[in-house]
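The values are calculated or read from the model by the stated rules, or taken from the named source; none is laboratory data. In this text the structure is predicted, and so the values were computed from the model without any measurement. Cβ atoms come from the backbone with ideal geometry, glycine included; neighbour counts cover every protein chain shown.
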Amino acid sequence: MNTATAIRKQTIAKTMSEALASEMERDPSVVVLGEDIGKLGGVFGNTGGLLERFGTDRVFDTPISETGFIGAAVGMAGAGMRPVVELMFVDFFGVCMDAIYNLAAKQAYFSGGQVSCPMVLMTSVGGGYGDAGQHSQCLYATFGHLPGMKVVIPSNAHDAKGLMLAAIRDANPVVFMFHKALQGMGWLGTVAGSITDVPESDYEVPIGKAGVVREGTDITLVGLGITVHHCLAAADALSREDGVEAEVIDIRTIAPLDRETILASVRKTGRVAVVDDDYLSCGLAGEVIASIAEAGIPLASPPQRVSHPDIPIPFSPALEHAVLPNAEMTLAAARQSVGERS
Amino acid sequence: MSITNQPHRLWMYENMVKSRAFEDAIKPAYFEGKTPRFNMAKGPIPGEMHLSDGQEPCAVGVCAHLRAGDTVTATHRPHHAAIAKGVDLDRMAAEIFGRETGLSGGRGGHMHLFDASVNFACSGIIAQGMGPALGAAMAAKLRGSDAVAVAYIGEGAANQGAFHEVMNLASVWRAPLIVVIEDNGYGVSVSKASCTALSRNADRAAAYAMPGIHVAGNDPDAIYEVAGDAIARARRGEGPSLIEIETSRLEGHFMGDQEGYRPDGEKDRLKAIDPIPRYRERLLADGLDAAELAACENRAQQAVDAAFAFARGSALPDPASAFTSVFAERTPG
């Protein structure tokens with residue numbers, strides 16, 4: 001390790017804009033499009049300073065026309081550019097899904113590999129701040145379900161940089177989800193653990209690889225985005241109060257899902273709880289548990305899912321925080337698991 | 001038209017004839033295995049089949065001005081535009097037959113034809129080719145090239161949100177984009193008159209501060225003139241245009257369509273004004289040699305015969321290939 005390298009603790013938002021700037025500097029084919037990404041620098045701070053630095057031929061403030069500009073990004077990508085597009089909230093995908101799942105995700109396949117689609121679709125996910133069910137969803141499973149796209153979500157700034165560089169350099173459409181509760185915007189609460197050291201060097205976090213972010217022997221806690229932090233908090237409590245050592249896995253890439261890393265951990269621990277803040281049914285947690293079942297891994301207790309129930313995300317904090325997965329629910333599920341025998 | 005021996009007129013004639021011959025060859029092939037009881041899944045060409053006969057002038061009048069580096073996105077009814085853009089006819093036929101030698105090895109079929117060598121693509125979703133065409137146009141503009149992009153749509157697509165979003169964006173960005181509406185009067189079974197608030201979609205261009213030109217008569221020469229102006233304008237960096245062409249769909253929405261929604265006698269009236277024989281008569285009247293037209297017709301038929309022989313002679317794809325090309329490999333750089 002280079003001891004001369006200074007520790008640079010920074011937010012995901014600042015890190016994303018820094019990664020974008022460095023990649024725009026390196027690769028002239030990278031352009032950025034979206035609503036409020038120019039002068040404002042992105043509602044969630046992902047594109048700060050890009051317009052001033054790269055000008056209006058590289059940074060496009062678009063009208064509120066998601067079908068139009070995401071469709072245009074598909075055409076740009078097919079023509080050899082590398083557009084990075086922001087869809088402000090994942091909840092807005094309903095107005096532009098054709099451009100995403102019928103055009104971007106099928107361009108390589110329907111062309112038999114003649115035409116690729118190297119584009120990044122950045123989009124915010126997550127609730128917990130009283131914005132209600134049209135601005136708080138996660139929809140991991142929706143995007144993870146559809147073939148032809150890669151889907152990533154960082155849980156911290158270090159990974160945000162590495163995943164962003166990998167996403168821009170990928171030859172395929174990559175949906176880059178970022179969780180609002182981790183973003184580091186002054187007007188949103190931010191989980192402290194998301195603010196990490198971000199090396200200045202050029203590095204990628206490989207797409208398709210999950211990470212073991214805490215080693216343990218007694219139970220595997222699987223999370224992504226903010227729920228990684230719920231898992232880590234629960235693991236600390238389990239260690240401190242129960243003498244139970246949890247292993248925590250950060251999924252990082254929803255598609256293609258790194259089943260091997262998860263299965264290897266569950267083979268070791270024999271217990272699992274999967275925590276995601278998307279809707280429960282037909283969801284990512286169910287997919288992870290199905291993979292464990294298919295692998296025939298014997299479990300010492302039934303697998304646990306902690307997900308948002310099958311209801312729209314409510315507005316009132318009294319309602320929202322009663323249903324939104326958190327560290328306490330994660331801890332309760334883990335205790336249920338370690339206290340039970342199957 | 002007074003000038004007689006313009007090479008582009010012969011090119012347009014030959015490509016219209018080639019497109020018609022291609023679709024005339026599809027018709028019996030499509031019904032193989034689908035009689036006596038029609039079953040879309042059966043035969044060497046399964047799935048929906050949308051023929052473009054009657055609409056050939058829209059393809060040739062515009063594409064006569066295009067180069068390989070220009071982009072065309074077409075619709076679920078793409079054969080005429082693909083042929084006029086120079087898509088490889090053998091591989092296109094093989095794709096329609098679902099063969100391994102097809103443009104995408106049988107992954108796409110007739111609604112999803114891609115030929116990167118001539119920048120041609122199409123989509124089965126109404127109006128959704130417009131966004132990618134806009135993107136290709138912007139890629140050309142940002143690189144300082146004078147290449148343009150053409151988005152073909154039907155008149156029904158002008159009532160889609162994507163149409164309005166892309167029209168506005170193209171104008172805001174002064175993109176070298178030409179949107180061509182092929183108005184064949186019907187969205188599947190619903191007539192334009194019954195579902196569109198104005199009689200001319202070209203008038204919608206005014207809402208987006210771009211030229212909107214209406215072309216009547218399904219006439220290749222008239223379309224050629226109008227498209228030439230719009231494409232030259234786009235190449236000069238003066239921005240997008242909308243061209244609305246009144247054309248006719250000589251068949252149903254898809255093969256097997258009973259067309260009960262058409263007024264009595266409409267199809268006969270349309271066939272009486274089939275643009276290809278009319279154009280042939282005009283070329284002869286303008287002094288072109290019948291032997292020259294016959295040579296065009298022979299070349300077109302030979303190309304189609306060769307393409308169908310290539311398709312039928314090609315193997316079906318290895319089922320394992322269904323799992324490839326989902327993702328592109330990463331390219332260095």
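General observations
- Filtering B:LYS42, B:LYS18 for residues that are surrounded by 14 or more Cβ atoms within 10 Å (Cβ to Cβ), over 17 Å from B:VAL62 (Cα atoms) and basic (Lys, Arg) leaves a single hit, B:LYS42.
- Condition met for A:ALA108 (surrounded by 24 or more Cβ atoms within 10 Å (Cβ to Cβ), within 7 Å of chain B (Cβ to nearest Cβ) and small (Gly, Ala, Ser)): yes
- Meets criteria (buried (at least 22 other Cβ atoms within 10 Å of the Cβ), at pLDDT 95 or above and more than 14 Å from chain B (Cβ to nearest Cβ)) for A:SER124: yes
- Spans of helices (runs of 4 or more DSSP H) in the stretch B:138-251 with at least 2 residues over 23 Å from B:SER123 (Cβ atoms) and among the small types (Gly, Ala, Ser): B:192-195, B:220-235
- In a residue-by-residue description of the stretch A:28-46, the property of being over 23 Å from B:ALA127 (Cα atoms), more than 8 Å from every other protein chain (Cβ to nearest Cβ), of a type in the set (D, E, K, R) and assigned to a helix (DSSP H, G or I) applies to no position.
- Enumeration of residues in the stretch B:37-65 that are outside any helix (DSSP H, G or I) and among the small types (Gly, Ala, Ser): B:ALA41, B:GLY43, B:GLY47, B:SER52, B:GLY54, B:ALA64
- Test: B:SER248 is over 30 Å from A:ALA255 (Cα atoms) and within 14 Å of chain A (Cβ to nearest Cβ): no
- B:GLY129 vs. criteria in contact with an Asp or Glu (Cβ under 9 Å, 6 or more places away or on another chain) and more than 7 Å from chain A (Cβ to nearest Cβ): no
- Selection count, the stretch A:1-42, where residues are surrounded by 20 or more Cβ atoms within 10 Å (Cβ to Cβ) and of a type in the set (A, V, I, L, M, F, W, C): 11
- Every residue from the stretch B:52-103 that is basic (Lys, Arg) and farther than 24 Å from B:ALA232 by Cβ: B:ARG77, B:ARG91, B:ARG99
- Test: residue in the stretch A:62-85 that is buried (at least 24 other Cβ atoms within 10 Å of the Cβ), of a type in the set (A, V, I, L, M) and more than 8 Å from every other protein chain (Cβ to nearest Cβ): yes
- Considered as a group, the residues in the stretch A:47-59 that are within 20 Å of A:ILE12 (Cβ to Cβ) and in a loop (DSSP other than H, G, I, E, B) include one that is farthest from the chain's Cα centre (by Cα), and that residue is A:GLY49.
- Scanning the stretch A:161-179 for residues that are in a loop (DSSP other than H, G, I, E, B) and among the aliphatic types (A, V, I, L, M) turns up just one, A:ALA171.
- Evaluated against (1) at pLDDT 95 or above; (2) part of a loop (DSSP other than H, G, I, E, B), B:ARG330 falls short on exactly one condition, (1).
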